[in-house]
Amino acid sequence: MLGNFRVSRDGRDVTLPASRKVRALLAYLALAPRGVTRGRLCELLWEVPNDPRGELRWCLSKLRGILDEPDRKRVQTRGNAIGLDLSDCFVDAVEIGRLTQEGIQTIEPDRLKEASEYFAGDFLEGLEIERSPQFSTWLVAQRHRFRACHTALLEHLAESVSGEEALGYLEKWAQFAPFDRRAHEVLLNALGRSGRIREGEEHLAATARLFEAEGLDSKPISDAWRAARTGAGAAASPAIATTPLPPAGAVETTAAAPRRASIAVMPFVDRTTNRDASDRTASGLTRDVITRLAKMRSAFVIAYATVQALHERAMSPEEAGRTLNVDYVVSGALLRQGNRLMVAVELIETRTARIIWAETFDNKLDEALQVLDEVGNRIVALIASEVETIERNRAILRPPNSLDAWAAHHRGLWHMYRFDRENNQHAQHYFELAVRLDPTFARAYAGLSFTHFQNAFQGWTEREKEVDEAFAAAGQSLMIDDHDPAAHWAMGRALWLRGTQEKSLSELERAVDLSPNFALGHYTLAFIHSQSGDPHAAIRYADHSRHLSPFDPLLFGMLGTRAMAHIRLGQFEEAAEWAVRASARPNAHAHISGIAAYCLALAGRLEEARVLMASIRKTIPNYGIEDFLAAFRFAPDGVALWCKAAKLID
C-alpha cells in the first residue's frame, strides 16, 4: 500500500478489479485493528448509493476472489462485522505501523534500512475516490501518518550510519520534512564537517528561501551553518560524519534555557456534516486543552495562534510537530451524531511518529458545555500522565552522568513512585541533582519535598528533621513558581505533617484552583479529609482524582483514602473492598496494607485480615497499630475504630 496498490501471491502480482472501491475496501480492512460494521463501510465508500448493502456484497465477493483460497478463508464475516485475517500475509503498511509502535529508536539499522525500502511512494498513491468524503478524510490522515513514519525512519537511519550513506539519508530526511529545522541543521553540520562548503551554502540559501516564503524564521539554521563552518576548519575530513542530534525542544526556547518537554496541541477538526459554519466548538475545545495543559506547568505548551497558523497552511500534526521542534503533538477530531458527541484524540511522539496514547470519548450531549468541560478535563489529565510516564522511563535508561535537570527530575520520579526506603533515597539524590543543575526548577523542589515527606510518614528516619526538610523544600518550590500546582501540593503535604490542617487544606485547594486537572491535588485533599475532615468530601475527591488519572502511580492511595472515608461512615464492608483493591497495587506500601488489614477486621473478615497482617510483618517485624497511628492524623473517634480493628486481629 506504500506506493501503487498491489497484491501478490507466490511472487506474482494478482490481477485486481478495475473498481477503486474494491481496492479501497481492501486497504481499509487491512489496516483496521478489528472487524468493521457493514453500516460503517457503506458510509465510508458510498455517499448516496442506490443499494449500499448490495454494492458492499459485490465488493466483498471480489475481495474473496483476491484473498481467499479453497482451504484458507481470509475474508471473514461475524454477524454485522467484516474483517480480514491476514496473519499469514505481509502488508507493508501494517509492518511499518508495527515497527513504529515497537519504537524506531530501538530497532537495528539493517532492519530500519529494509523498512525504508517499503516506501515506494505515497500511501495508496492515486487511489482517490470522488464523492466519498469519509474515505477521503481517512486517506489523507493515513498519508500524513505514513509520511511521518517515513521521516522518522530516515531521521533514525541518519543517526545510525556514517559516511556517504548517512549523507544520503540526511538529504532524504530534509526533503521529506522541509520545515523540520533539525533536519537542515544536522545536514549542514555534516556538510561543514566534511568540508563541503559550497554545497552547504547552496543548501542554506535554498532552505532560507523556503522558510521565508512560509513566514518561518531561518536564523537558527543560519546560526547552525556558521557553527558548522567554524568547526570544520581548513583540514576537514572528506568523510561525512554526523554528530548526535540535539534534544528536541520548542522553537521558542534557546540553547541555554532549561529543557522541558514540549507539546503542540493542533486545532481539533469538526467532522460533523452539515454543521453551522459559525460553530466554534472544535476551536473552543482546542483552546481549552492548551490552557489547561499550560496551567499544569509540567511542560512547555505552544500557543494557540502558532498552531492555528500552521493548521491554516494545511500542515499535518506530524509536520507541524517537526516544524515547531516539539517533543509531542496532540491531534483530535470531534463528531456530533444526534444527541452524542464523540471526540477522538491522539498523542504522538514527534521524532518517532509513535502513537503514545489514543482515546475516543463518547458522551451524551445533554449539557454541551458540561460535556466539553468533562472531555477537556480527561484529555488534559491523560496527556500529562502519559508524557510524564514516557519521560520517566526515558530518564531511567540514560547514564546517570549524562542527565540534565529535566532528566534527573524524571529519574527521581521513577524511583520515588517505588515507595520503599532505598528507592526514596535514590529519588532524593536525583532531585538534589536536578536543583543543583537548575536552581529555578520548582517541580524538582516539590519532588524533593515529597521524599522528605515519605521519610517522615513511613518512619524511615527521624521525623522532626524530615518534617522541617519537607517544609523547606516546598517553600523553595513556591518561591520559584507560585503558580505551579505541584509547589502548593508539596506545601500542603508539608503543612499536614506539621499538624496545621486548615493551612494544609488551603494550599491544596489553591493547587486545584490553579489546575483543576491536577489529580494529585485532588487525591491529597481526599487523604486529609478521610482522616479528620469531611468523609463525604474525601470520597468525592478520591473518585475525581481516579477519574482524572486512572493509571496514576499513587492509585493505591486514591483507593486507600476512599476506604478510610468509608470506615468513618461506618461502612465497613465497602471500606474492606476498596482497601483490598488498594493493597493489591504493585507499589502499595506497608501502611496501605495496614489499612486493608484493619478494614477487613472491622468487616468481620478476620482470617483475611490476619493473613494480610502476617505478610506485612514479613518485611516489617512487629508492625502494629502504633506504627499505623503514628503515620496518620485521625480524629479521636477514628483512632478508637482502628484500635478496635487491631484488637480483633491480635
Original post:
So how strong a dipole does the chain carry about its Cα centre when Lys and Arg Cβ are +1 and Asp and Glu Cβ are -1, to the nearest 20 debye?
Top reply: 860
Subject >> Full-stretch length increase - residue 85, residue 6 - with 0.36 nm per residue and alpha-carbon distance subtracted >> reply: 26.7 nm
Subject >> Per-pair calculated FRET efficiency, R0 = 45 Å: residue 305 and residue 117 via Cβ, rounded to 0.05 >> reply: 0.65
Original post:
Using r as the Cβ-Cβ distance of residue 165 and residue 620, and R0 as 51 Å, what FRET efficiency do you calculate, to the nearest 0.05?
Top reply: 0.30
**OP:** Determine ³J(HN,Hα), in whole Hz, for all residues of segment 602-619 in sequence, where each value follows from phi through the Karplus function 6.51 cos²θ - 1.76 cosθ + 1.60 and θ = phi - 60°; x replaces Gly and Pro.
**Re:** 5, 7, x, 9, 5, 4, 4, 4, 5, 4, 5, 5, 4, 5, 5, 6, 5, 9
Subject >> Extension gain, residue 58 back to residue 339 (0.36 nm per residue minus Cα-Cα distance, nm) >> reply: 97.8 nm
Subject >> Convex hull of Cα atoms in segment 579-650, direction-averaged projection (nm²) >> reply: 4.5
Original post:
Leaving out ligands, DNA and RNA, what percent of the accessible area of segment 604-650 is carbon and sulfur, probe 1.4 Å?
Top reply: 59
Subject >> Two-decimal ratio, the chain, of alpha-carbon radius of gyration to 2.2 N^0.38 Å >> reply: 1.11
Original post:
Where a ≥ b ≥ c are the square roots of the eigenvalues of the C-alpha gyration tensor, would you call segment 397-439 rounded, which needs a/c under 1.5, or, failing that, prolate if a/b is larger than b/c, or oblate?
Top reply: prolate
**OP:** Round to the nearest 0.05 the FRET efficiency obtained for residue 498 and residue 547 when R0 = 41 Å and r is the Cβ-Cβ distance.
**Re:** 0.85
Subject >> Amide proton proximity set for residue 354, modelled H, under 5 Å, gap of 5+ >> reply: 349
Subject >> Nearby lysines by direct alpha-carbon distance to residue 219 (threshold 23 angstrom, same-chain neighbours under 8 apart not counted) >> reply: 172
Subject >> Tensor-based shape of segment 315-386 (alpha-carbon gyration tensor, a/c under 1.5 rounded, otherwise prolate or oblate) >> reply: prolate
Original post:
Which of 380, 87, 188 sits closest to the plus end of the dipole of the chain, meaning its Cα is farthest towards the positive end, when Lys and Arg get +1 and Asp and Glu get -1 on the C-beta?
Top reply: 87
Original post:
Considering only 504, 558, 572, whose Cα is most displaced toward the positive end of the charge dipole of segment 479-584, charges sitting on Cβ of Lys, Arg (+1) and Asp, Glu (-1)?
Top reply: 572
**OP:** Just the number, please: carbon plus sulfur as a percent of the accessible area of segment 345-499, 1.4 Å probe, no ligands or DNA/RNA counted.
**Re:** 50
Original post:
P(r) of segment 142-214 in 5 Å steps, Cα pairs, percent per bin?
Top reply: 3, 17, 27, 24, 18, 9, 3, 1
Original post:
Heavy-atom accessible area per residue, the chain, 1.4 Å probe: how many Å²?
Top reply: 45
**OP:** Only helical DSSP H runs with n ≥ 4 go in: add -39500 (n - 2.57) per run for the chain, normalise by residue count and round the 222 nm mean residue ellipticity to 500 deg cm²/dmol.
**Re:** -20000 deg cm²/dmol
**OP:** Express the carbon and sulfur contribution to the solvent-accessible surface of segment 72-159 as a percent, rounded to the nearest whole number, probe 1.4 angstrom.
**Re:** 48
**OP:** Rounded to whole Hz and in sequence order, give me ³J(HN,Hα) for segment 446-458 from the Karplus expression 6.51 cos²θ - 1.76 cosθ + 1.60, θ = phi - 60°, writing x for Gly and Pro.
**Re:** 5, x, 4, 4, 5, 5, 5, 4, 4, 4, 6, 5, 7
Subject >> Segment residue 398-residue 606, length gained on full extension (0.36 nm per residue, minus Cα span) >> reply: 70.2 nm
Original post:
When only Cα pairs under 8 Å and 6 or more residues apart are kept, what is the percent relative contact order across segment 533-650?
Top reply: 20
**OP:** Have a look at segment 433-500 and give its Rg and Dmax from the Cα atoms, expressed in angstrom.
**Re:** 11.1, 33
**OP:** For segment 159-164, take each phi angle, set θ = phi - 60°, evaluate the Karplus expression 6.51 cos²θ - 1.76 cosθ + 1.60, and give the result in whole Hz per residue in order, putting x for glycine and proline.
**Re:** 6, 8, 10, 9, x, 4
Original post:
Using the Cα gyration tensor of segment 394-472, with a ≥ b ≥ c the square roots of its eigenvalues, what is the shape: rounded (a/c below 1.5), prolate (a/b larger than b/c) or oblate (neither)?
Top reply: oblate
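The values are calculated or read from the model by the stated rules, or taken from the named source; none is laboratory data. Just so we're clear, the structure is a prediction, and the values are computed from it rather than from any experiment. FYI the Cβ positions are ideal-geometry reconstructions off the backbone, even for glycines, and counts take in every protein chain you see. Surface accessibility is based on the protein's heavy atoms, side chains included, excluding ligands, DNA and RNA. Shrake-Rupley method; radii C 1.70, N 1.55, O 1.52, S 1.80 Å.
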